[in-house]
Amino acid sequence: METLGEAFQEVYKYIVNPELISPGFYTFWQITRIIFVGVSVFFVGLLLYLVSVNDYLTVRFKEGYSELLKSKPYSTIKLEEDWSEVEKQAKSESESERKMAVIQADDMIDNVLAQMGYEDDGLLEKLEGLNKEIIHNIEELRKAHKERRDIVYDPNKSLSKEEAAKLISVYEETFKDLQIIG
């Protein structure tokens with residue numbers, strides 16, 4: 001009694017036996033196999049090339065690794081890193097750095113609210129749709145956003161270290177309210 005594996009081997013030998021196949025069909029079969037192997041090698045090579053020139057997989061691996069180590073979503077980790085940079089800029093001696101810190105903090109709030117589902121055109125419209133139950137310091141945040149707009153549209157507007165610290169503290173309190181930073 002033959003085993004199932006031996007039976008399959010016998011069938012396979014019968015199918016691929018060149019003596020049982022007509023010479024014209026066997027030649028066609030061999031050419032077709034060569035073509036398909038070539039096409040497969042080409043596409044595998046193309047895939048490897050595209051993976052090597054694109055850093056998507058590397059970025060996704062780093063994001064996943066960061067999430068695993070810190071037990072937080074990558075967007076929160078990235079936001080915390082960006083926030084520490086904003087805090088450094090706000091304490092800078094350079095007025096342009098302090099202005100940039102306020103602008104970046106405002107943009108970060110805008111992005112966070114967009115991720116939360118507030119899809120209005122600008123931050124001011126998003127803030128108009130919010131109340132104190134969602135963000136406790138909503139009035140201060142609106143004032144800070146207006147200060148940011150003044151900074152952007154009036155290049156002669158000055159921003160002292162104290163003013164920058166006050167504005168940044170409003171944004172920081174908002175992030176804490178939304179439980180994004182600790």
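The single condition among (1) under 31 Å from the mean Cα position of the chain (by Cα); (2) assigned by TED's automatic domain parsing to the domain that holds residue 146; (3) at pLDDT 85 or above that residue 43 does not meet is (2).
Scanning region 102-111 for residues that are more than 10 Å from residue 145 (Cα to Cα) and either surrounded by fewer than 16 Cβ atoms within 10 Å (Cβ to Cβ) or modelled with pLDDT of 90 or more (or both) yields 104, 111. Could you say whether any residue in region 69-84 is in a helix (DSSP H, G or I) and over 20 Å from residue 177 (Cα atoms)? Yes, region 69-84 contains a residue that is in a helix (DSSP H, G or I) and over 20 Å from residue 177 (Cα atoms). All conditions in (1) exposed (fewer than 13 other Cβ atoms within 10 Å of the Cβ); (2) modelled with pLDDT of 85 or more; (3) under 16 Å from residue 180 (Cβ atoms) hold for residue 146, with the sole exception of (3).
Contact map, region 107-133: residues that are in contact (Cβ under 8 Å) with a residue 12 or more places away in the chain paired with residues that are of a type in the set (Val, Ile, Thr) and assigned to a helix (DSSP H, G or I), Cβ distance under 7 Å, separation 6+ or inter-chain. Pairs shown: 109/174; 123/109; 127/138; 130/138.
Across region 24-65, the qualifying residues are those that are among the polar types (S, T, N, Q) and surrounded by 10 or more Cβ atoms within 10 Å (Cβ to Cβ), and the one among them that is farthest from residue 78 (Cα to Cα) is 27.
Is it true that some residue in region 132-151 is under 22 Å from the mean Cα position of the chain (by Cα) and outside any loop (DSSP other than H, G, I, E, B)? Reasoning before the result, please.
Narrowing region 132-151 to residues under 22 Å from the mean Cα position of the chain (by Cα): none.
For region 132-151, residues under 22 Å from the mean Cα position of the chain (by Cα) and outside any loop (DSSP other than H, G, I, E, B): absent.
Residue 21 meets each of the listed conditions (1) surrounded by fewer than 10 Cβ atoms within 10 Å (Cβ to Cβ); (2) not in a helix (DSSP H, G or I) apart from (1).
Anything in region 87-118 that is among the small types (Gly, Ala, Ser) and outside any loop (DSSP other than H, G, I, E, B)? List them, or say none.
Looking only at region 87-118, we keep the residues that are among the small types (Gly, Ala, Ser), and these are 90, 92, 94, 96, 101, 105, 114, 117.
Correct list: 90, 96, 101, 105, 114.
The values are calculated or read from the model by the stated rules, or taken from the named source; none is laboratory data. Only a predicted model underlies this, so the values are computations on that prediction, with no experimental measurement involved. Glycine gets a Cβ as well: all are built from the backbone with ideal geometry, and neighbour counts include every protein chain shown.
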